[in-house]
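A.B. asks: Below you will find the structure I want to go over with you.
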Ligand code: ADP
């Protein structure tokens, strides 16, 4: 059994990271292990910025977005020397295992640390992008999707009043999951994602005929940031269609907010399972949810394989638009 572990949040923050941290700390202590909290992700690990936590250290945080441990992006950790320092800081305190809550990049970092320094790591997928291979859910994705839906509902009201085209840009540099899920559930006419090619001329022609035939009062387009800028797309569409167009960029609002029930429950279960696994000797895995069940995925697979958008959702979004 591992007697001392540490936990960190890293990379882009996501709602539910706190609920996961809380579950890790309380499960570890209930299981008889000590647990250190590392501030500011890998940067804090390299700088030895950590403290021992108790059950009360995580009181009153399950409902909060962001992360009480802080997060950062660390250039130093990207070097082998930085990772050696990080591992040394863990060894000096007798820390035998590490839980990393973060996105794709953070899990890559965890894999490097395991590979080069033989650190026992268990990952938890903390990212609003829902882009980790081997699982169909990541902590924070549900809250972010609900924040976007709220914005879409408001945009639809005003777009409908004016017969405008509304273009909404949502997060997702490499993954169109947020755009797809919110576009589909928000009833968007078009969803533009980095994984799929699109032709603005074709879209403009279709919108023109929809307006001419009075089929639609307005058109909503959801675009993932990796598929183009809403502002540029808006200018080009207005130019091509002659229809008044308004672009909105939702930005960092998507990362914040009190986590939804789903994010709280899943972050808690995942945090608990990951901790039980780590203290009982398991490592090099990422805990996630697939088809509603908790699964563990090999860490190397999670960071080297690319998750695809669900083709059934792509088809359905088009069929129902
Ligand atoms: P996210 O985890 O949200 O995808 P980043 O991609 O910014 O966020 O990654 C967070 C941190 O993880 C980086 O600042 C860096 O310290 C570390 N990291 C990312 N990619 C690697 C990598 N290939 N090797 C080592 N460390 C990495």
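A.B. asks: If the requirement is being away from the ligand (no atom under 12 Å from the Cβ), modelled with pLDDT of 95 or more and on the phi > 0 side of the Ramachandran plot, which of these qualifies: 40, 89, 48, 54?
C.D. replies: 48
A.B. asks: If you don't mind, there's one more thing I want to ask. Any idea which of (1) more than 26 Å from residue 7 (Cβ to Cβ); (2) more than 16 Å from the ligand (Cβ to nearest atom); (3) surrounded by 15 or more Cβ atoms within 10 Å (Cβ to Cβ) is the one residue 194 doesn't satisfy?
C.D. replies: (2)
A.B. asks: Can you name every residue in the range 34-62 that is more than 22 Å from residue 109 (Cβ to Cβ) and either assigned to a helix (DSSP H, G or I) or in contact with a strand residue (DSSP E or B) (Cβ under 6 Å, 6 or more places away or on another chain) (or both)?
C.D. replies: Result: 34, 52, 55, 56, 57, 58.
A.B. asks: Follow-up. Restricting the search to the range 63-81, which residues are surrounded by fewer than 19 Cβ atoms within 10 Å (Cβ to Cβ), within 13 Å of the ligand (Cβ to nearest atom) and either more than 17 Å from the chain's Cα centre (by Cα) or assigned to a helix (DSSP H, G or I) (or both)?
C.D. replies: 75, 76, 78, 79, 80, 81, listed by residue number.
A.B. asks: Report yes if residue 12 is within 10 Å of the ligand (Cβ to nearest atom), surrounded by 19 or more Cβ atoms within 10 Å (Cβ to Cβ), under 21 Å from the mean Cα position of the chain (by Cα) and touching a residue at least 60 places away in the same chain (Cβ under 8 Å), otherwise no.
C.D. replies: In short, yes.
A.B. asks: I'd like to know if the range 109-122 contains one or more residues that are surrounded by 24 or more Cβ atoms within 10 Å (Cβ to Cβ), within 21 Å of residue 224 (Cβ to Cβ), modelled with pLDDT of 95 or more and within 9 Å of the ligand (Cβ to nearest atom).
C.D. replies: No, every residue in the range 109-122 fails to be surrounded by 24 or more Cβ atoms within 10 Å (Cβ to Cβ), within 21 Å of residue 224 (Cβ to Cβ), modelled with pLDDT of 95 or more and within 9 Å of the ligand (Cβ to nearest atom).
A.B. asks: Output the residues belonging to the range 92-108 that are more than 8 Å from the ligand (Cβ to nearest atom) and in contact with a helix residue (DSSP H, G or I) (Cβ under 9 Å, 6 or more places away or on another chain).
C.D. replies: 95, 96, 97, 98, 99, 100, 101 - these are the residues of the range 92-108 that are more than 8 Å from the ligand (Cβ to nearest atom) and in contact with a helix residue (DSSP H, G or I) (Cβ under 9 Å, 6 or more places away or on another chain).
The values are calculated or read from the model by the stated rules, or taken from the named source; none is laboratory data. For clarity, every value in this text was computed on a predicted model and none was experimentally measured. Cβ: placed from backbone, ideal geometry, glycine included. Neighbour counts: every protein chain shown.
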